[in-house]
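> My structure is below; once you've seen it, I'll send some questions.
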Amino acid sequence: MKTANISYKIPDYLLTTLNLDREEFSKQSRLFTAIQLFKENKLSSGQAANIAGMDKYTFWMELGKHGIPLINYEPSELLDELKQFNK
């Protein structure tokens, strides 16, 4: 699989303010980006986990820690799904 290297600059004082080293900031940035893209339905949980640099089960646990549902049904969609089980 081909990969792309993404980088950006931030002022050093932000790392101090956040009490993070570069590695931890990078790790958290990847996770927060992955979570947001998953939340916006732009990526599957597996794709988002890949961006976050973790397996999908660990990513699912992170979603739980941040109060983000793994499956996000609209109420009408859920009712339609449940009707399929009652047939």
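> So, in the range 56-75, exactly how many residues are in a loop (DSSP other than H, G, I, E, B) and out of contact with any Phe, Trp or Tyr (no Cβ under 6 Å at 6 or more places or on another chain)?
First, the residues of the range 56-75 that are in a loop (DSSP other than H, G, I, E, B): 66-74.
Within this subset, residues satisfying the condition of being out of contact with any Phe, Trp or Tyr (no Cβ under 6 Å at 6 or more places or on another chain) are 66-69, 71-74.
Within the range 56-75, residues that are in a loop (DSSP other than H, G, I, E, B) and out of contact with any Phe, Trp or Tyr (no Cβ under 6 Å at 6 or more places or on another chain) number 8.
Every residue, every condition in (1) surrounded by 13 or more Cβ atoms within 10 Å (Cβ to Cβ); (2) out of contact with any His (no Cβ under 7 Å at 6 or more places or on another chain); (3) of a type outside the set (A, V, I, L, M), yes or no:
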{"residue": "Met1", "(1), (2), (3)": "no, yes, no"}
{"residue": "Ser26", "(1), (2), (3)": "yes, yes, yes"}
{"residue": "Ile35", "(1), (2), (3)": "yes, no, no"}
{"residue": "Ile51", "(1), (2), (3)": "yes, yes, no"}
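> Okay, moving on. When only residues in the range 37-49 that are in contact with a helix residue (DSSP H, G or I) (Cβ under 7 Å, 6 or more places away or on another chain) and not hydroxyl-bearing (Ser, Thr, Tyr) count, which is surrounded by the fewest Cβ atoms within 10 Å (Cβ to Cβ)?
Filtering the range 37-49 down to residues in contact with a helix residue (DSSP H, G or I) (Cβ under 7 Å, 6 or more places away or on another chain) leaves 37-38, 43, 45-46, 48-49.
Then keep just the ones that are not hydroxyl-bearing (Ser, Thr, Tyr); that gives 37-38, 43, 46, 48-49.
On the way: Leu37: 16, Phe38: 24, Leu43: 18, Gly46: 11, Ala48: 25, Ala49: 22.
Step by step, filter the range 37-49, then rank; the result is Gly46.
> Within the range 11-22, identify whether any single residue is touching a residue at least 12 places away in the same chain (Cβ under 8 Å) and among the aromatic types (Phe, Trp, Tyr), and answer yes or no. Give the steps one after another, and end with the answer.
Step one: list which residues in the range 11-22 are touching a residue at least 12 places away in the same chain (Cβ under 8 Å), which gives none.
Checked the range 11-22: no residue is touching a residue at least 12 places away in the same chain (Cβ under 8 Å) and among the aromatic types (Phe, Trp, Tyr).
> Among the candidates Glu81, Glu24, which residue alone is modelled with pLDDT under 95 and of a type in the set (Asp, Glu)? Before you say what the answer is, go through the steps one by one.
On the way: Glu24 fails: modelled with pLDDT under 95.
It is Glu81.
> To continue, here is another question. In the range 8-35, what count of residues is obtained for those that are farther than 25 Å from Asn50 by Cβ and either charged (D, E, K, R) or within 15 Å of the chain's Cα centre (by Cα) (or both)? Talk me through it step by step, then tell me what you get.
Let us first name the residues in the range 8-35 that are farther than 25 Å from Asn50 by Cβ, namely 11-17, 19.
Remaining after also requiring either charged (D, E, K, R) or within 15 Å of the chain's Cα centre (by Cα) (or both): 12.
Number of matching residues: 1.
The values are calculated or read from the model by the stated rules, or taken from the named source; none is laboratory data. Fair warning: this is a prediction, and the values are worked out from it, not measured in the lab. For neighbour counting, all protein chains shown are included, and Cβ atoms are generated from backbone atoms with ideal geometry for every residue, glycine included.
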